[in-house]
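Read-outs throughout are calculated quantities, based only on the coordinates presented, and are distinct from any laboratory measurement. Computed from a prediction, not measured in an experiment: that's the story for all the values here. Cβ sites come from the backbone with ideal geometry, for glycine too, and all protein chains shown count toward neighbours.
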Amino acid sequence: MASMSENLGTLVVTGGSRGIGAAIARLGARHGYAVAVNFVADEEAASSVVREIEKNNGRAKAIRADVSKEQDVVQLFEKAERNLGPLVALVNNAGITGGFSRVEDVEVSTLERVLAVNVTGAFLCAREAVRRMSKRRGGKGGAIVNISSRAAQLGSPGEWVHYAMTKGAIDTLTIGLAREVADDGIRVNAVAPGLVETDIHAAAGDPDRPQRMAPGIPLGRGAQPEEIAEAVLWLLSPSAAYVTGAILAVSGGR
């Protein structure tokens, strides 16, 4: 692991103010990245992550942007580079579930918002990262890690098929983009978490979901956000130099 004083370049973490995103931002700073902590609403949570990083002699900046909006995304990357330096890594973590619902009960407004954040947002952020990192465009290369979900393969029937569908799109984006930009010096991979103990369950209306589902997981528990972050930082690192187009399940065997 690099020291805090060794600047590897700028890492953008979308949805970086809490949960998995915050864990990735903190660990990224420990590895030596200057971290752009993206948030859409909770400025205090994002600022808290930044303060923690700075307290440990790292560099970070909280940047507000709705990833579903093109101009917000463009400005996110412009501000990240202006404040922290050249981009070398992106973690597409921002995502929403749209709440628990059977397919027949999903409102079109919910579906459109989940698609806009989870799919359009990830695509736009990947586009902006490639434009800056591609050796073909004068960049120095880099790495992208998309946060998928085991829901893409399991389907999440009776809970959030709409959310699972968007994560299937993330898997396809990962595979296609990895093959497209390999010659540009950019590696693209995904981490597919299983059950993770974050506030996403409470936000969707079922705070006890991790405890209820834990017995069905071979390892017998949900993951901590830090365990997902470790996988992400490995994929960003030179240790994964020959890994691209991979979708790494971090799911306790589920």
Most exposed to least, judged by fewest other Cβ atoms within 10 Å, F39, F100 sort to F100, F39
Computed helical MRE - 222 nm, the chain, DSSP H runs ≥ 4 contributing -39500 (n - 2.57), nearest 500: -13000 deg cm²/dmol
Just want the ordering: Y33, Y242, Y163, from fewest to most Cβ atoms lying within 10 Å of their own Cβ. Y242, Y163, Y33
Reciprocal of mean inverse Cα separation for the chain (Kirkwood radius, Å): 18.0 Å
So for the chain, averaging the separation of alpha carbon pairs under 8 Å that are six or more residues apart and normalising by length, what relative contact order in percent results? 18 percent
Beyond 13 Å, what share of the Cα-Cα pairs of the stretch 111-159 is found? Please give it as a whole percent. 68 percent
Which loop GluC sites (Glu not before Pro) in the stretch 64-157, with loop taken from DSSP, have no more than 14 other Cβ atoms within 10 angstrom of their Cβ? E107
Under the Karplus relation 6.51 cos²θ - 1.76 cosθ + 1.60, θ = phi - 60°, what is the ordered set of whole-Hz ³J(HN,Hα) values for the stretch 69-76, x standing for Gly and Pro? 10, 4, 5, 4, 5, 4, 5, 4
Cα-based Debye curve of the stretch 20-134 sampled at q = 0.14, 0.18, 0.23 Å⁻¹ gives log₁₀ I(q)/I(0) of -0.60, -0.91, -1.31
Counting other C-beta atoms within 10 Å, which of K140, K61, K55, K69 has the fewest, and how do the rest follow? K55, K140, K69, K61
One finds the C-alpha centres of the stretch 187-210 and the stretch 141-167 to be spaced, in Å, by 10 Å
Hey, which of these cross-link pairs are over 26 Å Cα-Cα: K55/K79; K55/K140; K79/K135? K55/K140
